[in-house]
Each structure stands twice: as C-alpha cells, then as structure tokens.
Amino acid sequence: MAFINFIFEYNFKEITMKKILLIFAISLLYKSCSENKPSISIADKTSTPATDSLLTKKIDSIKLTKYNSVKEMLEDANDFTVEQGTLKFINEDEHNLHVQVSKRIVEGDSAKLINEIVKRDIIYVAFQAFAQTSIDKITITSIPIEHNDRAKYYTEYKKTITITREKANQIMENEFGTLDYSILFTNLDGMLVPSEAFSKLKFTNLDQVFTQISN
C-alpha cells in the first residue's frame, strides 16, 4: 500500500510539473508575440484635416455639368431670371463679366437677414461659376428686390464684389483642403443641388468667406 501511494504521488507530481512547464512555455510564446506585434499610436488613429478632405472628396466628388459661359449656366439653373427682374447682365464679356442678381425680400425682413442674403447670393454665384465654367474672374452685384414689385430694388443693401479663381481656390483649399469644386454639389434624383460643403460656405462660415472674397 505504501508502494502504491508512492507511485501515485510520483505520477501526480510528474503530471503537475508537466502542466507547469507547458503553461510556462505558452506564456513565453505569448509574450514574444506581443513584443513583436506593431503598436498603434494615437497619431495613427487620428486623421488630419487633409486626410479628412481627401475622404470627403472620394465620397462626394461627382461629375459636374460644364457650361460654355456663365450666362448659359445661370439661365439653365433658373435661380435668377431676366424675366422676373432677378438677373441682369451688366457686362456679358466673359473677360470682364459683371452680373447682377436679386433675391426677393418682403416687408418686415430684418436688416441682418437681408445682408446675409446679399452675401450668400454673391458667394453662391461666384463658386457656382468657378465650378461649372472656365471663367477666371467675375464681378457680381447683389441687390434685393421687392417680392411683389420687380421694379423696386433696395439699393441700401447693394454689394458688388469682384472675385478671381485664384482667390476662390485659396478659399477651397482653406475650407476643404481640395480644389475639386464638384464637392460643392450633390446628386439628388438626377439633379445637381448644393451639398453640405456649399452650405458651409454660404451659411456656417458666411461672414468669414465673404470677408476673404472681399479682400
């Protein structure tokens, strides 16, 4: 009986030792793999503005309709029309183009709102022109018009800005990190409409963008 107990105790110790050695070996192997595995730093996970803009470009970039002239573009867009008094071509020469656009306002609109509309229309027409034509410079006059009287313009809110493609490119680079103007539009059921990027220029950063194109 003592002999049997000795054999049992010996075998138990031998099995236990084997398990310990096996666990130790696995532990060493795991540690080795962990040390050789490349670490991911916070910098690797953090995207930069340039990276974000490139991702946006890949997602939102679309094929834009290109026009031979700004006149053709504005007439096709139909946002402003000659017939309704909201569009005038002061100078149709594409090398010295000057257009006038007017948004209808109603009595009771605040001065702040009207000024924002005037700025927004200038930004909209300018960046639309650079996106969809080959023009390098454009002068835009924005002047509100009475909603029920196409002959009544509110001259006290009138603003005129001349903007070059070079200046517009600087703004595109500053705001989005790209010169791809197609990100300013999105396809909605086959129609090109202003995208969130365009809204950033026209609404979110309106005053900042207008100040840049005014200088």
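All of the numbers you see were taken from the coordinates with simple rules; none came from a lab. Keep in mind the model is a prediction, meaning the values are calculated, not measured. Don't worry about glycine lacking a Cβ; one is built from the backbone with ideal geometry, like all the others, and counts go over all protein chains shown.
General remarks:
- When the pairs K88/K202; K71/K152; K66/K152 are compared against a 30 Å limit on Cα-Cα distance, K66/K152 fall above it.
- Electrostatic dipole magnitude of region 58-214 [Cβ: Lys, Arg +1; Asp, Glu -1; Cα centre; debye, to 20]: 220 debye
- Least to most buried among S199, S182, S142 (fewest other Cβ within 10 Å first): S199, S182, S142
- Burial ordering of F130, F80, F89, fewest other beta-carbon atoms within 10 Å first: F89, F80, F130
- Here the mean projected area of the convex hull built on the C-alpha positions of region 58-214 is 9.3 nm².
- Neighbour-count ranking [beta-carbon atoms within 10 angstrom, fewest first] of D149, D180: D149, D180
- Separation of the T164 and E146 label points, Cα + 7 Å toward Cβ, nm: 4.1 nm
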